[in-house]
Amino acid sequence: MSNPALPSEKVHTQCCIVGGGPAGMMLGLLLARSGVQVVVLEKHADFFRDFRGDTIHPSTLELLYELGCLDEFLKVPHQPMSSLTVSINGKIVDGPDFSHLPTHCKFVAFTPQWHFLDFIARQGKRYPTFDLRMNAEAVGLIEQDGRIAGVKVDAADHEIEIHADLVVGADGRGSTVRQLAGMQVEDFGVPIDVLWFRLPKNANSPSGEPSFGYFKNGLMMILIDRGDYWQAAHIIPKGGLDELKSRGLEAFRQRIVDLVPIVKEAIPAVDDWDKVKLLSVQVNRLPQWSRPGLLCIGDCAHAMSPAGGIGVNIAIQDAVATANLFAEKLREEKLTDADLHLVQKRREWAIRWTQNVQLLLHRKLLNPAKIQKPGDDSLPLGPRLVGKIPFLRQLIARVVGIGFCPEHVRTSEYRPRA
Ligand SMILES: Cc1cc2nc3c(=O)[nH]c(=O)nc-3n(C[C@H](O)[C@H](O)[C@H](O)COP(=O)(O)OP(=O)(O)OC[C@H]3O[C@@H](n4cnc5c(N)ncnc54)[C@H](O)[C@@H]3O)c2cc1C
């Protein structure tokens, strides 16, 4: 809604990207590098958000290599993880082994995602056509002759009207752009939610793996080591928080310590339910990722579950595919609405496969009721097989670390003729 009391600004650009997450930032960087005028809108003042994935996968690291900035990125504080282990009923089981992947980095880099996004923003700012607007929230779409022709932006102290040849919705699972454009997702239903809380470490706290999965008596938790604290992600049945709350905070703390004994000294920090955030897990997909003037990518087009920790990677692959297909046409002002379906055509089969694997994992593994019965401390068949057969560990690493349809940077750095 326009507020006449606020100053307003009008901007014309070739591409306006709504959302400064992995998909939007990577697309902004690639387009600006190709000489496209691009505005990226991020509604928050910074990238510092707790519940972003911490995983930068081998295929994303490979893209940074292709962009010539891998060495610089590896100076950002991170923990390389070349294989993953999990604890099932106190028994350590080997998981994916990334050391055989055909990539320059044969590991997942664990780093809080704000480090990664800050890095991509710094890379983007090297190009004069990269215009990143923080604190800028898309609140409306501009429609002209039945097509999306721009975005209305609330930038706190002023309003912006951005007219663009192409608008990209990269504003995540709760997308405003998608809703304003009247696009509806097909939802696939997920039986789990995630409780997200911090556990401070002290001098005696063990440090080891950057991430570790714990399964015990039908319960599951992931601990991500973020230096002076662990980020904890406890999987619960969807809608199960109220029941946990009804049993009281002390019972919750005891449940966590039973599951992960090393956090015993840290658990008193969870002294209020306000410190336990409920993250709703979704898996869904837009039947059509575009309409005239508008393209949706990343979680906006297909929300990914945290299962496998692959959503960030997939969002980035969407961005690379979009830049490969459209950068030159955007720069030369030759992109037509008839082109917009090409991103979905290229990417959708890989997304379908990945989501199907995630849904299977939810049913078989992450659904707490199915992991194991209380009191049964035997290892389930799946982890037993994976632990014993190296090929399976490598296969899982390939799906997680590279994905079904890895994209490569096909665009080049634009050097305008003198
Ligand atoms: C609990 C949980 C844990 C997860 N853990 C992992 C993990 O470890 N590894 C992994 O790979 N994936 C993980 N995922 C999945 C991953 O977070 C997503 O798939 C990925 O973030 C999608 O990237 P994106 O750029 O499409 O969207 P997002 O990361 O959601 O980014 C969207 C951006 O748009 C901004 N925005 C929203 N609305 C507006 C607006 N109106 N105007 C301007 N800006 C706006 C938001 O502030 C945000 O910065 C997890 C998901 C969940 C739910």
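Quick look at the values:
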item	result
Residue that is more than 30 Å from ARG253 (Cβ to Cβ), of a type outside the set (D, E, K, R) and within 14 Å of the ligand (Cβ to nearest atom), where the choices are ALA181, ALA149	ALA181
Residues of the range 133-149 satisfying the condition of being over 9 Å from LEU41 (Cβ atoms) and assigned to a strand (DSSP E or B)	VAL139, GLY140, LEU141, ILE142, GLU143, GLN144, ARG147, ILE148, ALA149
The range 276-319: number of residues that are more than 6 Å from the ligand (Cβ to nearest atom), of a type in the set (A, V, I, L, M) and not in a loop (DSSP other than H, G, I, E, B)	6
Looking only at the range 219-277, and only at residues there that are without any contact (Cβ under 8 Å) to a residue 60 or more places away in the chain and polar (S, T, N, Q), the one that is nearest to ASP54 (Cα to Cα)	GLN254
Residues satisfying the stated conditions in the range 4-26, i.e. away from the ligand (no atom under 15 Å from the Cβ), part of a loop (DSSP other than H, G, I, E, B) and under 19 Å from VAL36 (Cβ atoms)	none
Close pairs (9 angstrom Cβ cut-off, 6 or more residues apart or separate chains): closer than 26 Å to ARG173 by Cβ in the range 9-36, crowded, with 24+ Cβ neighbours inside 10 Å and of a type in the set (Phe, Trp, Tyr) anywhere	CYS15/PHE326; PRO22/PHE116; MET25/PHE116; LEU31/PHE326
Residue in the range 27-67 that is farthest from MET134 (Cα to Cα), counting only those that are crowded, with 22+ Cβ neighbours inside 10 Å, within 6 Å of the ligand (Cβ to nearest atom) and at pLDDT below 95	THR55
Odd one out for ARG253 among (1) outside any strand (DSSP E or B); (2) at pLDDT below 95	(2)
Neighbours by Cβ (under 9 Å, 6+ apart or cross-chain): first from the range 57-75, in a helix (DSSP H, G or I); second surrounded by 15 or more Cβ atoms within 10 Å (Cβ to Cβ) and of a type in the set (D, E, K, R)	PRO58/LYS106; SER59/GLU407; LEU63/GLU407; LEU70/GLU62
Total residues in the range 154-187, condition in a loop (DSSP other than H, G, I, E, B) and farther than 18 Å from ALA315 by Cβ	7
Single residue of VAL139, VAL108, VAL168 found to be within 14 Å of the ligand (Cβ to nearest atom), crowded, with 20+ Cβ neighbours inside 10 Å and modelled with pLDDT of 95 or more	VAL168
Qualifying residue in the range 192-211 (condition: within 21 Å of ALA23 (Cβ to Cβ), part of a loop (DSSP other than H, G, I, E, B) and of a type in the set (S, T, N, Q))	no
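The rows are residues; the columns are (1) crowded, with 21+ Cβ neighbours inside 10 Å; (2) within 23 Å of HIS163 (Cα to Cα).
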site	(1), (2)
LYS277	no, no
SER280	no, no
LEU294	yes, yes
ALA301	yes, yes
ALA307	yes, no
ALA319	yes, yes
THR322	yes, yes
PHE326	yes, yes
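The values are calculated or read from the model by the stated rules, or taken from the named source; none is laboratory data. Quick caveat, the model's predicted, so the values are computed rather than measured. Methodologically, a virtual Cβ is constructed for each residue, glycine included, from the backbone with ideal geometry; neighbour enumeration extends over all protein chains shown.
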